[in-house]
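A quick write-up on the structure given underneath.
Any read-out appearing in this document is the output of simple, stated calculations on the displayed coordinates, not a laboratory observation. Every value quoted in this text rests on a predicted model; they were computed, and no experiment measured them. We place every Cβ from the backbone using ideal geometry, glycine too, and count neighbours over all the protein chains shown.
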Amino acid sequence: MKKIIYPAQQEYILSFINQKSKLIKSIENFAKENNIPILSKDASEFLEQIISINQPKKVLEVGTAIAYSSIRIAKLLKPSSVLMTIEKSKDNIKLASTFIKKAKLTRRIKILEGDAVDIIPKIKNKFDFIFLDADKEDYLNLYKLSLNKLKKGGIIFVDNVLWQGFTAAKKVPKKYKRSTEHIREFNDHFMNTKSLKSVLLPIGDGIGLGLKI
Ligand SMILES: C[S@@+](CC[C@H](N)C(=O)[O-])C[C@H]1O[C@@H](n2cnc3c(N)ncnc32)[C@H](O)[C@@H]1O
């Protein structure tokens, strides 16, 4: 994330974030120790702000990992609201279930196990809020599928749109070329979707925020 905003400003922003929840802190540490990608701290704070303002009743998350963001979202929802979260990795599903139990959120968070490409078209519900955070090669397809499930007036929140700065860089290391192309293609669609009022923000690894109109 060094190539998105200057390190001093990033550090300054992060210096105000003081996570009080022991469970959230322990999930952050677990993710770091085990190299599991989760939403950055500043993007998570922003996500919480949007959830608090919007108070969605039905939320869909694409890419649960170990339920770090699921828990941060669900704890802000009303008891009658529901978060459905899709994950294809069996190992991550096990870990996510453990953390969701620890957070006492088993009634509010429902994990849908499998590939989101197959699962999303089968979901009958429409959602007030969708968080897209999955494999980059699937992003565009998952975005199109998700948009069909987003209510008018609903919000879509997408992580990694600046992809460590590479989407806007002239030179991209070989290792990141394909993933960067995928995100650039996604961003093009996201910013030109007629049914969406969309913006790209330099928070965390880059957040795409869209309102369905
Ligand atoms: C970046 S992590 C999600 C992090 C999580 N949202 C958080 O911030 O705590 C991406 C996760 O999406 C899962 N994933 C990627 N593509 C998927 C797909 N097509 N269907 C279901 N899960 C997928 C991966 O297995 C991985 O666990």
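For this structure, a couple of remarks:
- Amide H to amide H, with H built 1.01 Å from N, F127 comes under 5 Å of L150, K151, counting only residues 5 or more places away or on other chains.
- Förster radius 22 Å - calculated FRET efficiency between S26 and L211 (Cβ-Cβ, nearest 0.05): 0.05
- Estimated distance in nm for a label pair at N148 and Y12, the labels positioned 7 Å out from Cα along Cα-to-Cβ: 4.6 nm
- Three-way shape call for region 39-150 based on the alpha-carbon gyration tensor, with the a/c threshold at 1.5: rounded
- Note, ³J(HN,Hα) from phi for region 198-213, Karplus 6.51, -1.76, 1.60, rounded to Hz, x at Gly and Pro: 10, 8, 10, 10, x, 10, x, 8, x, 10, x, 10, x, 10, 6, 10
- Expected 222 nm ellipticity per residue - DSSP helices of 4 or more, -39500 (n - 2.57), all of the chain, to 500: -13000 deg cm²/dmol
- Shape of the chain, Cα gyration tensor, a/c cut at 1.5: rounded
- Bridging of K41 to lysines at a Cα separation below 20 Å is possible for K2, K3, K20, K22, K25, K32, K75, once same-chain residues fewer than 8 apart are set aside.
- Full extension of the chain between I5 and K124 yields a length gain of 38.8 nm, computed as 0.36 nm times the residue separation minus the alpha carbon distance.
- Anisotropy class of region 119-213 from Cα gyration tensor, a/c 1.5 cut: prolate
- Interchain or long-range residues, amide H under 5 Å from E61's placed H: M84, T85, I86, F131
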